[in-house]
Amino acid sequence: MMPPVAESALAKEERLKDLLRAYDSVGVAYSGGVDSTYLADVAHEMLGPRACLILADSPSLPRSELADATAIARERNWNLVVISTHEFGREDFLKNEGKRCYICKNELFSRMEEYARDHGIAALAYGETADDLADPTRFGKLAAKEHAVIAPLQQVGLVKEEIRQLSLQRNLPTWNKASFACLSSRVPVGTRLNVDDLIKVERAEEVLKALGFHQYRARHHGELCRIEVEPADFNKVLDPEVRARIVDALRAIGYRHVTLDLAGYRMGSTAIQLSD
């Protein structure tokens, strides 16, 4: 159970409400993650149907994430629209070099711009937080600046822990959701992306999810799948029955080798390029 919401976080939420209320209408980049779900809920509270939650579908989004995000929006009567993005039709994205995240966000915001223009939406927003300023792997902020997409959570200084507390207060099911990034992030920078590999990653992570792991990654290295879980879960992975189920399932998916990363779960490990 989380501690009570701090007064400072409540004050930031009030500033967030004021910020959103000032817009005639807002299109929110919604993914079903902790931050975008909280932003969506506050935007809906302030603007009702004039808050449009834009959920982008592509091979980088697991089917279970799409289903969960859609279910939350329907349960809360949000104005949800699902659009398609086409980053997998771009050679500069498939090359998976250092600007992959920028290219992906640029595609997202371009499609959102088109939708906003066609439907008279005054402003676009996404769930960048104050924490994200210190994350060197998040290059999407450049695309946001180029497309004039606002980051309201960041503007009022909200950090992840505060967003979780405020989400719990709002009875949002995402308040304790694990951190998530698109499936393309499971492939090392410099390794070409293809949809078949992402399908394997998605299926591997569904295995870990079904076994009850909370924070995990299945990192794709050709015929090898490198599993990251929190160090506290190492013993669970190494339990003979669980280990056998993981190995058998991932070999059935198409991986020849299955390893446990002793460094544990960490964000952006496939984005790190080691020097010689």
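Some notes on this structure:
- Taking the listed residues Glu65, Glu97, the one that is charged (D, E, K, R), in contact (Cβ under 8 Å) with a residue 60 or more places away in the chain and either touching a strand residue (DSSP E or B) at 6+ places or on another chain (Cβ under 6 Å) or part of a loop (DSSP other than H, G, I, E, B) (or both) is Glu97, with no other qualifying.
- Top-ranked residue in the stretch 146-192 [being in contact with a Phe, Trp or Tyr (Cβ under 7 Å, 6 or more places away or on another chain) and part of a loop (DSSP other than H, G, I, E, B); ranked as nearest to Glu65 (Cα to Cα)]: Leu172
- Yes/no for Glu228 being acidic (Asp, Glu) and touching an Asp or Glu at 6+ places or on another chain (Cβ under 8 Å): yes
Rundown of residues vs (1) surrounded by fewer than 20 Cβ atoms within 10 Å (Cβ to Cβ); (2) under 17 Å from the mean Cα position of the chain (by Cα); (3) in the same structural domain as Cys101 (by TED's automatic domain parsing), yes/no style:
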| position | (1), (2), (3) |
| --- | --- |
| Asp196 | yes, no, no |
| Val201 | no, yes, no |
| Ala204 | no, no, no |
| Ala210 | yes, no, no |
| Phe213 | no, no, no |
| Ala218 | no, yes, no |
| Gly222 | yes, no, no |
| Ile227 | no, no, no |
| Glu230 | yes, no, no |
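- Inclusion of Ile72 among residues that are outside any helix (DSSP H, G or I), of a type in the set (Val, Ile, Thr) and either at positive phi or buried (at least 16 other Cβ atoms within 10 Å of the Cβ) (or both) is not warranted.
- Subset of the stretch 112-140 (residues that are more than 19 Å from Leu193 (Cβ to Cβ), touching a residue at least 24 places away in the same chain (Cβ under 8 Å) and in a helix (DSSP H, G or I)): Met112, Glu113, Tyr115, Ala116, His119, Asp131
- Residue within the stretch 240-255 that is surrounded by 15 or more Cβ atoms within 10 Å (Cβ to Cβ), touching a helix residue (DSSP H, G or I) at 6+ places or on another chain (Cβ under 9 Å) and in a loop (DSSP other than H, G, I, E, B) present: yes
- Residue match in the stretch 36-46 (condition: of a type in the set (S, T, N, Q), in contact with a strand residue (DSSP E or B) (Cβ under 7 Å, 6 or more places away or on another chain) and assigned by TED's automatic domain parsing to the domain that holds Ala125): yes
- Residue-level check: of (1) at pLDDT 95 or above; (2) outside the structural domain of Ala69 (by TED's automatic domain parsing), Ala178 misses just (1).
- Qualifying residues in the stretch 1-31 (those that are closer than 19 Å to Ala144 by Cα and of a type in the set (Gly, Ala, Ser)) - the one surrounded by the most Cβ atoms within 10 Å (Cβ to Cβ): Gly27
- Residues in the stretch 221-239 that are more than 11 Å from Leu208 (Cα to Cα) and either assigned to a loop (DSSP other than H, G, I, E, B) or touching a residue at least 40 places away in the same chain (Cβ under 8 Å) (or both): Gly222, Glu223, Glu230, Asp239.
The values are calculated or read from the model by the stated rules, or taken from the named source; none is laboratory data. Values in this document were obtained by computation on a predicted structure and should not be read as measured data. All Cβ positions, glycine included, derive from the backbone under ideal geometry; neighbour counts span all protein chains shown.
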